[in-house]
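What follows is calculated from the coordinates using simple rules that are stated; it is not laboratory data. Fair warning: this is a prediction, and the values are worked out from it, not measured in the lab. Note: ideal-geometry Cβ built from the backbone for every residue, glycine included; neighbour counts use all protein chains shown.
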Amino acid sequence: MPQNPKITSKIVEEIVSEVAGEDVLPLIKALRNKANVSEFKLADSIRKEINLTRNMLYRLYDNNLVSFIRKKDKKKGWYIYYWTFNQRRIRDLVQVLKKRKFERFNERLQREKTTQFYMCANKCVRLDFEQSHDFNFKCPECGSLLDMEDNSKKIKELEAELARLEKELKPAAKVVVKVVAKAKPKKRR
């Protein structure tokens with residue numbers, strides 16, 4: 001992904017789905033490109049109960065994807081919350097999620113490199129040595145004998161994916177370093 005990727009609707013939907021759940025997407029569509037929308041109007045527009053709508057808004061708020069202001073209703077005396085979608089946060093979350101993915105792939109790669117895995121001929125299950133030993137090296141699904149798996153292909157795939165993610169993450173790190181370097185005041189003589 002380029003350094004300053006254009007934030008498309010598809011990227012917004014992917015990020016929001018990952019951090020807050022797919023059920024929040026209609027709410028994002030109702031909020032996007034609008035400011036200070038009443039939670040009651042949002043509930044009406046997505047045809048959900050107010051409590052369910054608030055739950056969705058709180059999940060978005062937990063990830064800094066929305067902000068709110070509250071105003072007191074003069075007639076009823078209670079507070080009404082007005083919500084705004086924070087589009088700029090999507091760009092940050094793209095990087096955060098890539099870093100998490102990189103860490104997960106790295107952990108998986110380490111496990112693949114350090115663990116012996118066993119599979120049956122039917123590929124019902126994949127077990128490590130300890131699990132295989134517990135089942136007497138017989139498949140718990142079909143009962144056939146478990147054979148040691150050659151996971152070198154998986155290791156190469158994980159290494160390739162890690163290299164790709166690392167390339168995508170490096171430009172963002174360079175930008176941060178450049179900004180920090182520019183922020184240092186020059187010494188006066």
Tell me, yes or no, whether the stretch 144-157 has at least one residue that is closer than 20 Å to ILE7 by Cα and hydrophobic (A, V, I, L, M, F, W, C).
no
Of the residues that make up the stretch 2-11, is at least one buried (at least 17 other Cβ atoms within 10 Å of the Cβ) and closer than 30 Å to GLU166 by Cα?
no
Given the criteria part of a helix (DSSP H, G or I), within 25 Å of the chain's Cα centre (by Cα) and polar (S, T, N, Q), does SER17 qualify?
yes
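Let's see how each residue does on (1) free of Cβ contacts under 8 Å to residues at least 40 places away in the same chain; (2) touching a Lys or Arg at 6+ places or on another chain (Cβ under 7 Å); (3) of a type in the set (Asp, Glu):
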{"residue": "ARG108", "(1), (2), (3)": "no, no, no"}
{"residue": "TYR118", "(1), (2), (3)": "yes, no, no"}
{"residue": "LYS138", "(1), (2), (3)": "yes, no, no"}
{"residue": "GLU141", "(1), (2), (3)": "yes, no, yes"}
{"residue": "ASN151", "(1), (2), (3)": "yes, no, no"}
{"residue": "GLU161", "(1), (2), (3)": "no, no, yes"}
The stretch 39-77 - residue that is in a loop (DSSP other than H, G, I, E, B) and touching a residue at least 40 places away in the same chain (Cβ under 8 Å) and, of those, surrounded by the fewest Cβ atoms within 10 Å (Cβ to Cβ):
ASN63
Among (1) on the phi > 0 side of the Ramachandran plot; (2) exposed (fewer than 14 other Cβ atoms within 10 Å of the Cβ); (3) of a type in the set (A, V, I, L, M, F, W, C), there is one condition ALA160 misses while meeting the rest; what is its number?
(1)
Tell me which residues, restricted to the stretch 78-91, are without any contact (Cβ under 8 Å) to a residue 12 or more places away in the chain and either of a type in the set (Val, Ile, Thr) or assigned to a helix (DSSP H, G or I) (or both).
ARG88
Please go through the stretch 91-148 and pick out each residue that is of a type in the set (Asp, Glu) and over 31 Å from the mean Cα position of the chain (by Cα).
GLU130, ASP134, GLU141, ASP147
